[in-house]
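Enquirer: Quick one: the structure is below, questions incoming.
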Amino acid sequence: MDEQKKIPRHVAIIMDGNGRWAERRKLPRKMGHAEGCKVLEQTVRDAADLGIDYLTVYAFSTENWKRSEEEVSALMVLMGFYIKKLLKVAEEENVRVKIIGERSRFAPDLVKGLNKLEYETRNNTRMVFAIAINYGARDEMRRGMIRMAEDVKAGKLEPTAITEQTIGSYLDTADMPDPDLLIRTSGELRLSNFLLWQLAYTEIYVTDDLWPDFNKEELQKAVDSFGKRERRYGGRLTK
Ligand code: IPE
Ligand code: IPE
Ligand code: MG
């Protein structure tokens, strides 16, 4: 029989385990985050090579502000570096970058960099790469509901006409299909407030590998495991 390869159209990743990776090496946690950034860069290239159309990664949650001041500021510095690097990678790989989450809480320089990254890559077509920063699914819904309520108040939206699609259109992922596959590294079996609406029927793959140890083989394993599953709903397959 001709085995058709099932590639998930949209892969979401909870990149967890940077801290543990560093601690196991007696290194400061920020070294784990720095290594994690390198792995992310490679993962963008690998995902595009595998034919994935959308890659969404959880980089900084609304809850992550509660970490030590030292760790949060190290993450902000890294983000500044990474934004510049990513612009290069995105151009090389013909990838369009999209930011989800609430960016206005970041320093003006960072916000500028994020806006530039989205703007300069807007015409790239090979893959959409969405980065979730200062993102929490409950916060995303809260922000979406404020806009929805405003539209109702302005007479632009009839409450009884609100469908599931309408709700989706008020979320940060409005122009993206729901993820087909969710990967979480480091073995934790929870969603940590990531894409709660969009993950309704997503297949889940958890690996014990720490994020800085993730690589193309691991991505391929997750994709292969997805290919063997029977989906219940959703999951339009591209290739
Ligand atoms: C994920 O790694 C990166 C961020 C949340 C920013 P962690 O920092 O959560 O790593 P662990 O879970 O402590 O190992
Ligand atoms: C999830 O990892 C968030 C990101 C990967 C950015 P966390 O390490 O923050 O999640 P919890 O604290 O284990 O739930
Ligand atoms: Mg963690």
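The values are calculated or read from the model by the stated rules, or taken from the named source; none is laboratory data. Since the model is a prediction, treat every value here as computed from it, not as a measurement. Reconstructed Cβ throughout: ideal geometry from the backbone, glycine too, with neighbour counts over all protein chains shown. Please note that ligands, DNA and RNA were not included when accessible areas were found on the heavy atoms of the full protein model with its side chains. Shrake-Rupley method; radii C 1.70, N 1.55, O 1.52, S 1.80 Å.
Enquirer: Under 28 Å Cα to Cα from residue 228, which lysines show up? Leave out anything in the same chain fewer than 8 places away.
Expert: 5, 6, 216, 239
Enquirer: With a point put 7 Å past each Cα toward its Cβ, work out how far residue 118 is from residue 92 in nm, to one decimal.
Expert: 2.5
Enquirer: Ignoring ligands and nucleic acids, what accessible area does residue 52 show with a 1.4 Å probe (Å², nearest 10)?
Expert: For residue 52, solvent-accessible area is about 0 Å².
Enquirer: Still on this structure, please answer the following. Just the accessible area for residue 189, please: 1.4 Å probe, Å², rounded to the nearest 10?
Expert: 150
Enquirer: Enumerate the residues in region 59-79 having an amide nitrogen under 15 Å from the point lying 7 Å beyond the Cα of residue 107 toward its Cβ.
Expert: Within reach of a label on residue 107, which here means backbone N under 15 Å from a point 7 Å along Cα→Cβ, region 59-79 contributes 69-79.
Enquirer: I want the antiparallel fraction of DSSP beta bridges within the chain, as a percent rounded to 5.
Expert: Counting DSSP beta bridges with both partners in the chain, the antiparallel share is about 0 percent.
Enquirer: Using modelled amide H (1.01 Å from N, peptide plane; none on Pro or chain starts), what sits under 5 Å from the amide H of residue 129, excluding residues fewer than 5 places away?
Expert: Under 5 Å from the amide H of residue 129: 55, 96, 97, 98.
Enquirer: While we're on this one: Could you report the accessible area of residue 41 in Å², rounded to 10, computed with a 1.4 Å probe on the protein chains as they sit in the structure?
Expert: So the heavy atoms of residue 41 present about 30 Å² to solvent.
Enquirer: Here is a follow-up. Give me the number: length gained by fully extending residue 153 to residue 191, i.e. 0.36 nm times residue separation minus the C-alpha to C-alpha distance, one decimal in nm.
Expert: 10.3 nm
Enquirer: Need one number: nm distance between label points at residue 70 and residue 213, each 7 Å from Cα along Cα→Cβ, rounded to one decimal.
Expert: 2.5
Enquirer: Mind checking which lysines have their C-alpha under 20 Å from residue 66, skipping anything on the same chain fewer than 8 residues away?
Expert: 30
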